[in-house]
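Participant: My questions all concern the structure below.
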Amino acid sequence: MMFGALWGTFFFIGEKWSTYLATLSIIGMLVTATQLMLAALHNQTNWIEWLSMRVGFSMYAGWLTAATILMITSSLQTFGNGTYNPYLFGLTEEAVTVMVAWVAFLIYNVGSYTQRNPVYGFVFLWAVIAIWWEVQQEYPQYTIL
């Protein structure tokens, strides 16, 4: 809860320095959510606890994984002089986005497979479908996504 309050405070300040603190806060949220998910996965539960704790914490940790990846990539854009630069090491923004999506794919698959937790992996599908839908509606020029 503390990390969530810090994230909200720093994120909505909107300054360059607060973006970095918001990133650290969301990483703290992800670490604690992952610990809760692992505790729920490795303990004996009844069906109510399974639904509320295992599924709930898996979805929350999965959502925070996506939010953390988004926050880190957003923070990386603030490096330099603070202006928008569509090129990173000679790569277009679209190519960097595809690389980030592959990294996210690996993170979700390793997490789902090692913990035998498909709910965590389904959050990746939700995020990919949401990104695909947004690109189709708003940015049809981005064809490799």
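The values are calculated or read from the model by the stated rules, or taken from the named source; none is laboratory data. Source: prediction; values computed, not measured. Glycine gets a Cβ as well: all are built from the backbone with ideal geometry, and neighbour counts include every protein chain shown. Ligands, DNA and RNA are stripped out before the accessible areas are found, and what is left, the full protein with its side chains, is counted by its heavy atoms. Shrake-Rupley method; radii C 1.70, N 1.55, O 1.52, S 1.80 Å.
Participant: Within the range 10-30, does at least one residue satisfy the condition of being closer than 14 Å to V119 by Cβ and open to solvent by 30 Å² or more (accessible area, probe 1.4 Å)?
Facilitator: Step one: filter the range 10-30 for residues closer than 14 Å to V119 by Cβ, giving none.
No; the residues of the range 10-30 include none that is closer than 14 Å to V119 by Cβ and open to solvent by 30 Å² or more (accessible area, probe 1.4 Å).
Participant: Would you confirm, using the coordinates I've provided, whether W63 is assigned to a helix (DSSP H, G or I), modelled with pLDDT under 90, open to solvent by 80 Å² or more (accessible area, probe 1.4 Å) and hydrophobic (A, V, I, L, M, F, W, C)?
Facilitator: Details: assigned to a helix (DSSP H, G or I): yes; modelled with pLDDT under 90: no; open to solvent by 80 Å² or more (accessible area, probe 1.4 Å): yes; hydrophobic (A, V, I, L, M, F, W, C): yes.
So W63 fails the test.
Participant: Would you pick out the residues in the range 111-124 that are open to solvent by 90 Å² or more (accessible area, probe 1.4 Å) and either assigned to a helix (DSSP H, G or I) or polar (S, T, N, Q) (or both)?
Facilitator: Y113, F122
Participant: Search the range 66-95 for residues being among the β-branched types (V, I, T) and either closer than 20 Å to G28 by Cα or assigned to a helix (DSSP H, G or I) (or both), and hand back the single one that is modelled with the lowest pLDDT.
Facilitator: Per the stated criteria, the residue is T73.
Participant: Further question: Any idea which residue in the range 41-60 is farthest from F122 (Cα to Cα), counting only those that are assigned to a helix (DSSP H, G or I) and among the β-branched types (V, I, T)? Show your work before the answer.
Facilitator: First pass over the range 41-60, keeping only residues assigned to a helix (DSSP H, G or I): 41, 47-60.
Filter once more, keeping what is among the β-branched types (V, I, T): 48, 55.
Details: I48: 20, V55: 11 Å.
Looking at residues that are assigned to a helix (DSSP H, G or I) and among the β-branched types (V, I, T), I get I48.
Participant: Does W133 fit the bill of being at pLDDT below 90 and farther than 23 Å from T19 by Cβ? Lay out the reasoning, then the answer.
Facilitator: Numbers: at pLDDT below 90: yes; farther than 23 Å from T19 by Cβ: yes.
So W133 fits the description; yes.
Participant: Are there any pairs with C-beta distances below 6 angstrom linking a residue in the range 121-141 that is closer than 22 Å to V103 by Cα to a residue that is open to solvent by less than 100 Å² (accessible area, probe 1.4 Å), with the two at least 6 apart or on different chains, and if so which?
Facilitator: Short answer, once both residue conditions are applied: G121/Y108; G121/S112; V123/G62; F124/Y108; A127/A66; V135/Y142; V135/L145.
Participant: Between a first residue in the range 86-107 that is within 21 Å of V119 (Cβ to Cβ) and open to solvent by 50 Å² or more (accessible area, probe 1.4 Å) and a second residue that is at pLDDT 75 or above and part of a helix (DSSP H, G or I), which pairs have beta carbons less than 7 Å apart while being 6 or more apart in sequence or on different chains?
Facilitator: Sorted first by the residue in the range 86-107, then by its partner, the pairs are F105/F124; I107/T65.
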